[in-house]
Amino acid sequence: MTQLAFFFDPARCTACGTCAVACKDWNNIPDGPVFWRRIETTEEGEFPEVHLQRLLRGCLHCARPACITACPVGAITKRAEDGVVLVDQERCVPHCYACWTACPYGAPQFGDDGRMQMCNFCPERLAEGAKPICVAACPLHALDAGPMDELVRTYGNGHWPAEYPDATAPLPSLIMTFE
Amino acid sequence: MTSEVQRIPTGCPHDCGGKCVLIAHVRNGVIERITSDEGEEPQVRACQRGRAYRQRVYHPDRLKYPLKRSGPRGSGQFIRISWDEALDTVAGELLRVKQRYGPEAILCASGPGSLTHLHRTPQVASRFFHMWGGCARLRGARSTQAIADATRYTYGVEAASHDIEDIYNSRLALLWSWNSAETVFGTNTTWHLRQARERGTRMVVIDPRYTDTAALLADQSRYIGIVPGTDAALMVAMAYVMLEEGLADRAFLERYTLGFDQFAAYVLGEADGLPKTPAWAEAITGVPQATIRELARDYATTKPAALLLGFGMQRAAYGEQPCRAGMALAAMTGNIGLPGGSPAGMFQRSSPVPKLPVPPNPVSATIPYQLWAEAFLQGRAGGFETDVQLVYISGNNLLNQQAHINKGRQALLKPETIVVHEQFLTPTARYADIVLPITTHLEREDIATIWHMGHWAIYMNQAIEPMYECRSDLAIFTELAKRLGISGFNDRTDREWLRAFAAEGGIPDFDQLRARGVYHFPQSQPHIAFRKQIADPEHHPFPTPSGKIEIYSPALAKLGHPDVPPIPKYIVPWEGRDQSREHPLQLLSPHGKTTALSTYANIPWVQEVEPHRLWINPRDAATRGIADGDKVRVFNSRGTTMVRAWLTQRIMPGVVSLDHGHWLAPNDDGADTAGSVNVLTRDQGTVLGDGATYHSCLAEVART
């Protein structure tokens, strides 16, 4: 089975926010706290010996998604042909948040209607053979996307940093490299 | 009826230094999405600002029709009027003021709101006024005056730089006061820098803040934090190390430069008994002397090495000095005129594509940009060249973006008439008597090229019809020209102008340009400044009076001004580091990632990328009892602004930073509540060209 995945090179990321804005525009997400894609920065050290860590936020389309197990109504599914995790908003129970509690990455988002929404891997773009909008937008080419095995061939297995929650259980579809 | 989505190439041409491709996805005359360049490499990808353009076009606060002031000036009270009434009123006022006071009483204060080739705000207004007998002008560039002056006095030209693609030839790059990751400084500039680093160019970043650029580019432990306003001291101490350790390129200095010995005498302290040692510089700059030595050795012994000067450090008191000192270092290391080097000059290359032509101004009266408010208030009685009675503003948030806003608020009460062209009711537009609503770039047709670092032209097709009753600046001035009997102001359609510009600019196929949206000029090799002067000095002297690189400038010596000495020096800045002062914190007001000048400050998608906040080191916050996220007052004798504090180790202790560009929102007590930093900055120009000095500013911070 093909598993679509993201690649992220935090060393190239400047937290400019282009991915987040492009995602909001493409998916028509109003301004406000809902983000299907964004970057978080953590800071360590003391001036001038400072180090920044860029964290990629958004659904990681895990191989074993905790959200699917947690959802009481089966509204979240994993698409057989490409492994993309999708939510059926009609079935979602508003203001339930079980998926949000289960997800180690804080990916599920909730707008005013209280129903879960998140990254859907830009299906219209996939259909055109284009990469997701966040990937196409990044001015520093810090993002990529594609079938996991192809990404591994290009970038290797990557490395899972300590700043991220545990990856052994859900197996997120994300490869990260570090300098 | 649902039609197909049309993908219309257009662009984002605001004043950030980049010019980027936008693709408007339009259905039934409405923009549904905006994407950017996904075509052939090199792509010209838009950033977070341009990506949010849909929120600019459809913003509920867009100005929709002409307005006439109905309350006191600055109150923001207006009534709707017709275009005929608006144009008749403006034409009448222009005539009245010109007849009564003369053309120099009219100030054309157009700014960089649109930096395209046809609807370029300064160009359109200037063409109109210059064809109509002239007007007073503002002089002195806000962004780059000191480095342009320094480059001219040193090299004889205002701009001296390499194409950014040349960075791949550098073994070492010193990115000094350089934050292209946030300011943009040319689309793809940061992308080229990052790739060069990945391919082995070592990089040092020197800045009072650990910027996103430092995080991206500085090699491990090669970020150097420096006290604002002391860059020249660090450079002079680097020169000291090079002299002491015999690292200066004597052959280069001998052959190509004028007056290095005078500079060396200053550096070694022969003239004033004060050797500019690393220990001397450590006390001033906060940079450890071991770091200074290491930096000097590295720069002097790694060839080729590029010293790239950003603009922040020269928007400061005596901003000419670090630029001239940087150029002296580039000469001492022999890094001029060769691939991978850099003359450390002003970055700019002119585009081959012409702009809307502007005839000369028949009026010579100017007022210094930095002193605009003082000039309004005092006029000829205060020694200025004119008494301004009518201010005509287009594409310029003058009040918000100049230093000392509170003086500016007084000043805008003075002229008899203020006309503003705008897309939104900015703090400046609130003071207008007549406000004319302007189309955004997606509602008109244009060409954009980058003002440095990048050789492409973007065709900005009109994506949608003008919103509401908005018109372009050009259309408005065309109407005014008819009313005032100016012939030949605009006898072409927009398309005809653009077709002519493209042809004259050497773009071979106009229709292909329009269809593709971007044209890359052929470029075989990256441009290297002064290549000929270095390769063949006999036949190609530098364009200076002496034909040499003037480390010692006879012209400056003749000027005899102690604040611009003939050799570069460190001069203690006004409002520099002095913790004994009542307002002891050095306040920086840099370009941030959520605005381009003050454009985009009202666009939510961009604003939520990063909250507008005061950078303060936890050490400074602790002594003031400030916790992260606290609402604080930032204040000095000029004003007060309110904003939330962000405690971060990314800024040097003793320094605070608040991005400029956020729109003034004064409360009843006169304090700004929006973090509009220019209520605090000082309205004093640099010596040579009246450049801005925003970063020489002291303030204090307290919890509210």
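If you go through segment B:226-240 one residue at a time, do you hit one that is over 31 Å from the mean Cα position of the chain (by Cα) and under 22 Å from B:I534 (Cα atoms)? No, there is no match, as no residue in segment B:226-240 is over 31 Å from the mean Cα position of the chain (by Cα) and under 22 Å from B:I534 (Cα atoms). Can you tell me which residue within segment A:159-176, out of those that are of a type in the set (G, A, S) and at pLDDT below 85, is nearest to the chain's Cα centre (by Cα)? Restricting to residues being of a type in the set (G, A, S) and at pLDDT below 85, the top hit is A:A167. Selection of segment B:7-24 for residues being assigned to a strand (DSSP E or B) and either within 9 Å of chain A (Cβ to nearest Cβ) or touching a residue at least 60 places away in the same chain (Cβ under 8 Å) (or both) yields B:I8, B:P9, B:T10, B:G11, B:C12, B:C20, B:V21, B:L22, B:I23, B:A24. Summed over segment B:482-533, residues that are within 30 Å of B:L94 (Cα to Cα), under 31 Å from the mean Cα position of the chain (by Cα) and of a type in the set (K, R) total 1.
Go through segment B:428-444 and report how many residues are farther than 27 Å from B:F185 by Cβ and not small (G, A, S). Number of matching residues: 9.
Remark: pairs (first residue in segment A:1-27, at the interface with chain B (Cβ under 8 Å from one of its Cβ atoms); second residue among the acidic types (D, E) and assigned to a helix (DSSP H, G or I); Cβ separation under 7 Å; 6+ apart in sequence or on different chains) = A:T14/B:D212; A:A15/B:D212.
Here B:T116 qualifies as within 21 Å of the chain's Cα centre (by Cα) and more than 30 Å from B:A300 (Cβ to Cβ).
Going by what's in this entry, would A:F110 be described as modelled with pLDDT of 95 or more, in contact with a Leu (Cβ under 7 Å, 6 or more places away or on another chain), closer than 24 Å to A:P165 by Cβ and among the aromatic types (F, W, Y)? In short, no. Taken as a whole, the condition of being closer than 15 Å to B:T440 by Cβ, away from chain A (no Cβ under 14 Å) and among the basic types (K, R) applies to B:K64. Answer yes or no: is there a residue in segment B:93-114 that is within 14 Å of B:T417 (Cα to Cα), among the basic types (K, R) and in contact with a Gly (Cβ under 9 Å, 6 or more places away or on another chain). Yes; the residues of segment B:93-114 include at least one that is within 14 Å of B:T417 (Cα to Cα), among the basic types (K, R) and in contact with a Gly (Cβ under 9 Å, 6 or more places away or on another chain). For B:G186, the conditions (1) outside any loop (DSSP other than H, G, I, E, B); (2) surrounded by fewer than 24 Cβ atoms within 10 Å (Cβ to Cβ) are fulfilled apart from (1).
Screening B:M235 with (1) under 24 Å from B:G337 (Cβ atoms); (2) part of a helix (DSSP H, G or I); (3) in contact with a strand residue (DSSP E or B) (Cβ under 9 Å, 6 or more places away or on another chain); (4) within 14 Å of chain A (Cβ to nearest Cβ) gives one miss only, at (4). Considering every residue within segment A:41-51, establish whether at least one is surrounded by 14 or more Cβ atoms within 10 Å (Cβ to Cβ), over 24 Å from B:D37 (Cβ atoms), at the interface with chain B (Cβ under 10 Å from one of its Cβ atoms) and aromatic (F, W, Y). Checked segment A:41-51: at least one residue is surrounded by 14 or more Cβ atoms within 10 Å (Cβ to Cβ), over 24 Å from B:D37 (Cβ atoms), at the interface with chain B (Cβ under 10 Å from one of its Cβ atoms) and aromatic (F, W, Y). For segment B:640-659, the set of residues classified as of a type outside the set (A, V, I, L, M, F, W, C), buried (at least 24 other Cβ atoms within 10 Å of the Cβ) and away from chain A (no Cβ under 14 Å) consists of B:T641 only.
Please find, among B:Q77, B:Q48, the residue that is within 14 Å of another protein chain (Cβ to nearest Cβ), touching a Gly at 6+ places or on another chain (Cβ under 6 Å) and not aliphatic (A, V, I, L, M). One residue alone meets the criteria, B:Q48.
Among the candidates B:H539, B:H520, the residue that is surrounded by fewer than 20 Cβ atoms within 10 Å (Cβ to Cβ) and free of Cβ contacts under 8 Å to residues at least 60 places away in the same chain is uniquely B:H539. Does A:R54 qualify as being of a type in the set (K, R), within 24 Å of B:H591 (Cβ to Cβ) and either touching a residue at least 12 places away in the same chain (Cβ under 8 Å) or facing another protein chain (nearest Cβ under 7 Å) (or both)? Considered against the rule, which asks whether it is of a type in the set (K, R), within 24 Å of B:H591 (Cβ to Cβ) and either touching a residue at least 12 places away in the same chain (Cβ under 8 Å) or facing another protein chain (nearest Cβ under 7 Å) (or both), A:R54 comes out as yes. Listed by first and then second residue, the pairs linking a residue in segment B:276-289 that is under 17 Å from B:A265 (Cα atoms) to a residue that is of a type in the set (K, R), with Cβ atoms under 8 Å apart and 6 or more places separating them unless they lie on different chains, are B:P278/B:R293. Being within 18 Å of the chain's Cα centre (by Cα), away from chain A (no Cβ under 14 Å), surrounded by fewer than 22 Cβ atoms within 10 Å (Cβ to Cβ) and over 30 Å from B:A279 (Cβ atoms) is the requirement here; does B:E165 meet it? Answer is no for this residue.
Taken together, the criteria exclude A:E179 from residues that are of a type in the set (D, E), modelled with pLDDT of 95 or more and loosely packed, with under 14 Cβ neighbours inside 10 Å. Each residue in segment B:268-300 was checked for being assigned to a helix (DSSP H, G or I) and more than 31 Å from the chain's Cα centre (by Cα), and 9 of them qualify.
Considered as a group, the residues in segment B:189-213 that are at the interface with another protein chain (Cβ under 8 Å from one of its Cβ atoms) and either β-branched (V, I, T) or out of contact with any Ser or Thr (no Cβ under 6 Å at 6 or more places or on another chain) (or both) include one that is surrounded by the fewest Cβ atoms within 10 Å (Cβ to Cβ), and that residue is B:W191. Just one residue in the set A:Y155, A:Y105 is closer than 15 Å to A:F7 by Cα and of a type outside the set (A, V, I, L, M, F, W, C); that residue is A:Y155. Of the strands (runs of 3 or more DSSP E) lying entirely inside segment A:74-171, those containing at least 2 residues that are touching a residue at least 12 places away in the same chain (Cβ under 8 Å) and within 14 Å of chain B (Cβ to nearest Cβ) span A:143-147. Checking the structure you have, find out if any residue of segment B:435-451 is modelled with pLDDT of 95 or more, more than 26 Å from the chain's Cα centre (by Cα) and of a type outside the set (S, T, N, Q). No, every residue in segment B:435-451 fails to be modelled with pLDDT of 95 or more, more than 26 Å from the chain's Cα centre (by Cα) and of a type outside the set (S, T, N, Q). For segment B:588-632, a residue qualifies if it is farther than 30 Å from B:A141 by Cα, more than 14 Å from every other protein chain (Cβ to nearest Cβ) and either among the hydrophobic types (A, V, I, L, M, F, W, C) or not in a loop (DSSP other than H, G, I, E, B) (or both), and the qualifying residues are B:T623, B:I626, B:A627, B:K631, B:V632. Whether a residue is over 23 Å from B:V21 (Cβ atoms) and touching a Cys at 6+ places or on another chain (Cβ under 8 Å) was assessed, and B:P437 passes this test.
With respect to being within 27 Å of B:F424 (Cβ to Cβ), aliphatic (A, V, I, L, M) and touching a Leu at 6+ places or on another chain (Cβ under 8 Å), B:V634 fits the description. Does A:W100 qualify as being modelled with pLDDT of 95 or more, within 27 Å of A:L140 (Cβ to Cβ) and in contact with a strand residue (DSSP E or B) (Cβ under 9 Å, 6 or more places away or on another chain)? When the stated conditions are applied, A:W100 does not pass them.
The values are calculated or read from the model by the stated rules, or taken from the named source; none is laboratory data. Since we're looking at a predicted model, the values are computed, not measured. Cβ atoms come from the backbone with ideal geometry, glycine included; neighbour counts cover every protein chain shown.
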